[in-house]
Amino acid sequence: MKAVVITGSTRGLGHGMAIEFLKRGCRVMLSGRSQATVDAAVQRLAKQYGADTVSGKPCEVTDYKQVQSLWDAALSRFGRVDIWINNAGVTHITKILAEMNIEEIKPVIDTNVTGMVYGSKIALQGMLRQGFGQIYNMEGHGSNDNKLAGLSVYGTSKRALRYFTEAIIDETENTPVQVGFL
């Protein structure tokens, strides 16, 4: 039974992925920013798939210590982490850069780039220690070089994710860890 960690999985696409992994007999560690949202998601899924298959931990992916704590909790609960998915992400309202303020820019870059780098680093270190694993980073608008007026910051964050993931794929070529995109 594979153990899967998905950042940003208390709602949206991450939650949908969690459900699909649970349907396939995997154990899943959910994460979100607040204890309340994590607890609610875990309770819903545990009721349907069993308390032994789903767990959760709050995690602000821009905080390295919290991401490490998420890895540690999954390892403690499941004994291993087979798949780590860096799904947590945020966007901004459609607005050209000249009209954006720093409060709109910073969370996008921090979550989508820094959070993904932290998650990748921590998962990679842990998977190299355990001798196996897969890391996936969630693409989005801009990762394929498409541009859209008003989404310059979000698109930049996803293009950075693509470059970073391609670089990590090269770095892990001769290791037991696989890295890819979703």
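The values are calculated or read from the model by the stated rules, or taken from the named source; none is laboratory data. Only a predicted model underlies this, so the values are computations on that prediction, with no experimental measurement involved. Because the Cβ atoms are built from the backbone with ideal geometry, glycine has one as well, and the counts that use them run over all protein chains shown. These accessible areas exclude ligands, DNA and RNA; they are computed on the full protein's heavy atoms, side chains included. Shrake-Rupley method; radii C 1.70, N 1.55, O 1.52, S 1.80 Å.
When you scan the range 132-149, do you find a residue that is of a type outside the set (Val, Ile, Thr), closer than 25 Å to HIS92 by Cα and part of a helix (DSSP H, G or I), even just one? So far as the range 132-149 goes, no, none of its residues is of a type outside the set (Val, Ile, Thr), closer than 25 Å to HIS92 by Cα and part of a helix (DSSP H, G or I).
Pick out the one residue from SER31, SER9, SER55 that is assigned to a strand (DSSP E or B) and crowded, with 23+ Cβ neighbours inside 10 Å. Walk me through how you get there before you give the answer.
Working: SER9 fails: assigned to a strand (DSSP E or B); SER55 fails: crowded, with 23+ Cβ neighbours inside 10 Å.
Answer to the check: SER31.
Of all the numbered requirements in (1) open to solvent by less than 70 Å² (accessible area, probe 1.4 Å); (2) without any contact (Cβ under 8 Å) to a residue 60 or more places away in the chain, TYR154 misses one, and that requirement is (2). Here the condition is being at pLDDT 95 or above and either buried (at least 17 other Cβ atoms within 10 Å of the Cβ) or in contact with a helix residue (DSSP H, G or I) (Cβ under 8 Å, 6 or more places away or on another chain) (or both); of TYR118, TYR163, it holds for TYR118 alone.
Restricting the search to the range 12-28, which residues are within 19 Å of ALA123 (Cβ to Cβ), open to solvent by 20 Å² or more (accessible area, probe 1.4 Å) and not hydrophobic (A, V, I, L, M, F, W, C)? The one that is within 19 Å of ALA123 (Cβ to Cβ), open to solvent by 20 Å² or more (accessible area, probe 1.4 Å) and not hydrophobic (A, V, I, L, M, F, W, C): ARG27. The one condition from (1) without any contact (Cβ under 8 Å) to a residue 40 or more places away in the chain; (2) surrounded by 19 or more Cβ atoms within 10 Å (Cβ to Cβ); (3) farther than 13 Å from ALA88 by Cα that GLN43 does not meet is (2). Residues being touching a strand residue (DSSP E or B) at 6+ places or on another chain (Cβ under 8 Å), surrounded by fewer than 19 Cβ atoms within 10 Å (Cβ to Cβ), over 23 Å from THR165 (Cβ atoms) and among the hydrophobic types (A, V, I, L, M, F, W, C) are entirely absent from the range 74-84.
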